[in-house]
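As C-alpha cells, the structure follows; a few thoughts come after it.
The values are calculated or read from the model by the stated rules, or taken from the named source; none is laboratory data. Keep in mind that what you see is a predicted model, and the values were worked out from it rather than measured. Here the Cβ positions follow ideal geometry from the backbone for every residue, glycine too, while neighbour counts run over all protein chains shown. These accessible areas exclude ligands, DNA and RNA; they are computed on the full protein's heavy atoms, side chains included. Shrake-Rupley method; radii C 1.70, N 1.55, O 1.52, S 1.80 Å.
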Amino acid sequence: KSWLRLGGFSVQPAEFAKFTTALALARYMSSYSFSMADWRSRLFAVLLLATPMAVILLQNDAGSAIVFASFLIVFYREGFNSWVYVALGMVVFLFVFSFLWNLRRCSRRSSLSVPSSKGS
C-alpha cells in the first residue's frame, strides 16, 4: 500500500524513503573514499538511488518515484556531467518503470480471470 494509517492520520512511506535516500547519498558522497571518477563509486551511488525507486514503483506510486529522478541533478553537480550517462539513466528508468507497470498489470489481469468450476 502507498499509504499507512497510524492512529488518526495517514502517512506515505515514500516520503520517508525520499528523506532517507537524500541523507544516505549525502553521507556516501561526502566520504573520503568517494570519487566521481571511479566507476564503482558511481555505480554504488546509482544503486543507492535506484533501490528505493524500484520499491516505490512496485507500490504503483510513479509520482514519488519520479522525484528520485531529480537526484540526477545532484549527480550532475558532483561531476557526473556526461549527458550521455544522464540520458542513459533516464532511458533505464523509463524501461524499468514500463516493465514493472506491465508486470503489475499482467498479474492483476491474471488474478481477475480465474476460471469457473461450474459443471455443465
In the set L112, L88, L72, L48, the lone residue that is surrounded by 11 or more Cβ atoms within 10 Å (Cβ to Cβ), over 20 Å from W3 (Cα atoms) and at pLDDT below 75 is L88
Apart from one, (1) modelled with pLDDT under 70; (2) surrounded by 10 or more Cβ atoms within 10 Å (Cβ to Cβ); (3) polar (S, T, N, Q) all hold for S98; the odd one out is (1)
Among the residues of the range 53-69, the number that are in contact with a helix residue (DSSP H, G or I) (Cβ under 7 Å, 6 or more places away or on another chain), farther than 18 Å from L103 by Cα and either open to solvent by 40 Å² or more (accessible area, probe 1.4 Å) or at pLDDT 80 or above (or both) is 3
Would a scan of the range 62-77 turn up a residue that is over 20 Å from L94 (Cα atoms) and without any contact (Cβ under 8 Å) to a residue 12 or more places away in the chain? yes
Condition first: open to solvent by 50 Å² or more (accessible area, probe 1.4 Å), at pLDDT below 85 and touching a strand residue (DSSP E or B) at 6+ places or on another chain (Cβ under 8 Å). Can you find one or more residues in the range 30-43 that meet it? no
Per the filter on the range 1-37, residues touching a residue at least 24 places away in the same chain (Cβ under 8 Å) and over 23 Å from the mean Cα position of the chain (by Cα) are A37
